[in-house]
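Just below is one structure, and these are the notes that go with it.
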Amino acid sequence: MNFISDAAVTNLRLAIDTPDAGSRYIVHELLGRGGMGAVYRAVDSVLGRDVALKALSIDADSPDIATRLTREARVLAHLEHPGIVAVHDAGILDDGRPFYVMRLVRGKRLDEYATSARSGDLLRAFLRVCEAVSYAHARDVIHRDLTPSNVMMGEFGEVLVLDWGVAKIAGESPLTPATVSRANDVTTADGTVVGTPGFMAPEQAMGRAADVDARADVFGLGAILGFLAESSGEPIPRPLAAIITRATAPDASSRYTTADSLANDVRHWLDGRPIVAYRERAVERVARLYRRNKALVLLLLAYAIVRVTILLWRGV
Amino acid sequence: MNKPMLGLAAGGVLGVLDGFTALVSAPEVAPQLTTIVLGSMGKGLVAGFLIGWFAKKVNSLPLGIAFGLTMGALFALPFAMGTDPTTGQKYFWEILIPGSMVGLVVGYLTQRYGASVAARA
Amino acid sequence: MRNSRAAIAFRPYLGAVRGFPDTRISVVAALSSDDVPERARATETVIAAYRTPVIAVLERRWNMQPADAEDMAHDFFAHALDREWLARYDPAKGRFRVFLRTCLLGFASTAHEAATRQKRGGGITHVSIDDANAVAADDESTSIFDREWIRSVLSIALSALEQECLERGRGAAWRAFVAYDVEGADGARPTYEAIAHAEEIPLTQVTNYLNSTRRRFREHVLTTLRDLTASDAEYRDEVRALLGPRAL
């Protein structure tokens with residue numbers, strides 16, 4: 001073979017990396033890489049639609065990683081919720097790597113979205129994340145890696161929780177195969193703890209897999225809420241700070257017990273109602289009631305002014 | 001509480017208050033205060049119920065406020081056009097304006113608060 | 001028995017890896033083998049794989065003419081063999097590619113200085129492996145070497161693929177792959193219809209040929225990388241380096 005040009009080198013590198021998923025899925029472009037695999041935009045030639053195809057990275061030949069990818073597909077397939085990306089298909093590439101096909105979501109990750117969004121929009125997006133996580137908990141699945149970069153803001157306002165590769169299925173029977181049970185561990189085969197520092201509950205960071213339950217995800221949600229609150233650059237209101245503090249309490253028993261209860265406090269705060277995490281002072285209560293009923297207060301004030309004006313006018 | 005009932009309650013309460021505050025703009029009517037308050041309460045109850053019923057049918061803050069204002073004015077008008085039998089004075093604007101404003105407030109309240117049928121379903 | 005300078009031959013890499021037994025000892029690992037023929041084969045393979053990157057660095061970093069760069073490359077490998085640099089490579093200290101690049105830079109710097117001194121009437125200086133490793137890599141040299149290393153690995157894999165296709169009577173598949181993925185990358189990429197017409201095959205067969213040949217090409221690339229690395233971790237690192245920067 002004679003000298004190959006730079007363009008040919010680029011093209012051949014792409015050809016090596018691009019998975020061959022058979023005749024049904026035509027892979028077009030790489031969308032991104034993670035620790036476990038790479039995600040590509042592909043076309044489903046049977047249904048004629050764009051999909052996202054996630055395949056094990058070509059350099060990831062560890063059996064544990066392959067197991068995680070397959071498991072992620074299975075977990076996603078059992079979670080049917082608007083906030084969790086739908087899995088369409090799964091299989092093995094011709095070169096033996098596992099892959100799965102899911103809905104293609106176009107949009108921004110939450111950490112990117114937060115740089116330009118208003119705080120109200122961010123909190124409402126956060127509530128949708130809580131809904132998705134709460135649903136997963138109801139199906140006994142704990143995400144274990146909730147971070148802003150694992151939440152996608154779709155271009156039509158969808159909020160999707162991604163990357164369920166290290167999810168734990170709570171209460172899994174000890175009779176399950178060793179590989180699946182090992183996937184429930186918080187550590188990989190070489191002892192590395194899975195999860196993201198700063199968003200990982202202390203019990204997970206310390207490798208105590210048995211202690212990791214839904215409250216570990218509450219910690220992750222609280223850390224996300226803290227991230228979003230800080231992204232505005234403005235001081236965080238005391239009640240919101242109290243919610244974040246409670247959700248990210250080092251002791252799991254001090255946190256909200258469920259994602260729902262965390263979401264309820266955030267929702268109440270947005271609606272100007274009292275919250276569980278914060279005991280407001282009398283002045284704060286009055287201020288809150290005023291903010292919540294500002295229009296009514298102003299109307300009654302206007303009525304009082306009219307009455308006094310009439311009096312003064314009659315006096316003249 | 002559904003919207004008609006909220007309108008009834010708010011209209012009655014604000015009608016009573018409106019009656020008492022007549023003393024602010026016309027202190028000389030103090031001897032007829034009981035009559036004024038009862039009349040104002042009656043207006044408030046009927047107008048409030050109608051405004052609440054409108055809010056149940058039409059979900060629009062501007063329209064609700066406009067309807068409330070109109071109902072308040074319509075119910076206040078007969079009283080505003082009359083003459084006080086004791087003082088012989090007319091209190092047209094002193095009755096019409098506050099009465100209309102009470103209707104406006106009830107219109108706002110019933111649009112903003114109160115359970116609609118859809119919400120209860 | 002050491003390889004003498006006269007014994008170094010720059011033969012094209014043509015499936016030399018298939019000379020190793022199925023237990024597939026890495027070529028890099030075989031550089032320190034006690035089996036002389038095995039060590040010789042491994043040395044040839046390494047030289048064939050790294051010749052192009054070495055020459056490229058010498059040409060561009062030290063502004064050498066192609067002929068001079070080839071001579072210097074020859075001298076470098078001869079010196080490396082003479083001093084048993086390749087046999088003394090320790091995988092625990094880093095990747096083989098980085099090791100060889102560092103040796104080259106040290107050798108070339110010292111040789112360049114010596115040549116300059118000689119012009120002025122000075123003597124010849126020998127280079128130790130420690131001196132060679134002491135020269136820090138600059139970004140330009142690193143970039144040139146790594147880029148040409150990628151090109152070399154791909155070329156080796158292409159040669160192996162070509163030989164395999166010809167041996168197995170898959171000439172049409174090979175030509176389709178070259179036309180679309182190699183030569184086609186430079187500009188006017190032929191359509192599937194054009195390829196089907198040129199090879200007198202059905203249109204659907206073009207897709208099958210490209211997919212299967214890409215798959216085999218990928219396997220040859222990965223085999224080449226396995227040969228040029230001494231451990232699984234190094235292999236994975238080199239795969240990542242070959243595939244380019246991560247998108248996320």
Exercise for review: Kindly indicate whether any position in the range A:231-244 is more than 20 Å from the chain's Cα centre (by Cα), part of a helix (DSSP H, G or I), away from chain B (no Cβ under 14 Å) and hydroxyl-bearing (Ser, Thr, Tyr).
Suggested key: no
Study note, to complete from the structure: residue A:16 meets each of (1) under 22 Å from the mean Cα position of the chain (by Cα); (2) not in a strand (DSSP E or B) with one exception, condition (1)
Review point. Being under 13 Å from residue A:303 (Cβ atoms) and in a loop (DSSP other than H, G, I, E, B), is that true of even one residue in the range B:64-74?
Key: no
Check your understanding: When the range A:25-52 is examined, which residues are found to be in a loop (DSSP other than H, G, I, E, B) and either at pLDDT below 85 or within 16 Å of residue A:73 (Cβ to Cβ) (or both)?
Key -> A:34, A:35, A:36
Check your understanding: How about the range A:104-140: which of its residues are free of Cβ contacts under 8 Å to residues at least 40 places away in the same chain and of a type in the set (Ser, Thr, Tyr)?
Key -> A:116
Review point. Which pairs do you get when a residue that is part of a helix (DSSP H, G or I), found in the range C:67-80, comes within reach of a residue that is of a type in the set (Asp, Glu), reach meaning Cβ atoms under 9 angstrom, with the pair 6+ apart or on two chains?
Key: C:68/C:59; C:69/C:59
Review point. Among (1) on the phi > 0 side of the Ramachandran plot; (2) more than 12 Å from every other protein chain (Cβ to nearest Cβ), where does residue A:22 come up short?
Key: (2)
Study note, to complete from the structure: Subset of the range C:194-229, residues in contact (Cβ under 8 Å) with a residue 12 or more places away in the chain, in contact with a helix residue (DSSP H, G or I) (Cβ under 7 Å, 6 or more places away or on another chain), in a helix (DSSP H, G or I) and away from every other protein chain (no Cβ under 14 Å), comes to C:195, C:199, C:227
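The rows are residues; the columns are (1) within 10 Å of another protein chain (Cβ to nearest Cβ); (2) free of Cβ contacts under 8 Å to residues at least 24 places away in the same chain; (3) not in a helix (DSSP H, G or I).
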{"residue": "C:149", "(1), (2), (3)": "no, no, no"}
{"residue": "C:166", "(1), (2), (3)": "no, yes, no"}
{"residue": "C:173", "(1), (2), (3)": "no, no, no"}
{"residue": "C:182", "(1), (2), (3)": "yes, no, no"}
Practice item. Would you please list the contacts, defined by Cβ atoms under 7 Å and residues six or more apart or on different chains, that run from a residue in the range A:282-304 that is under 20 Å from residue B:102 (Cα atoms) to a residue that is surrounded by 12 or more Cβ atoms within 10 Å (Cβ to Cβ) and of a type outside the set (A, V, I, L, M, F, W, C)? Key: A:295/B:108; A:296/B:108; A:297/A:290; A:299/B:108; A:303/B:98
Review point. Can you tell which of A:166, A:101, A:161 is more than 14 Å from residue A:39 (Cβ to Cβ) and touching a strand residue (DSSP E or B) at 6+ places or on another chain (Cβ under 8 Å)?
Key: A:161
Review point. Under 7 Å by Cβ, and 6 or more places apart or on different chains, what pairs join a residue from the range B:105-121 that is within 14 Å of chain A (Cβ to nearest Cβ) and surrounded by 15 or more Cβ atoms within 10 Å (Cβ to Cβ) with one that is at pLDDT 65 or above and outside any helix (DSSP H, G or I)?
Key: B:114/B:1; B:114/B:2
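The values are calculated or read from the model by the stated rules, or taken from the named source; none is laboratory data. All of these numbers come straight from a predicted model, not from anything done at the bench. Because the Cβ atoms are built from the backbone with ideal geometry, glycine has one as well, and the counts that use them run over all protein chains shown.
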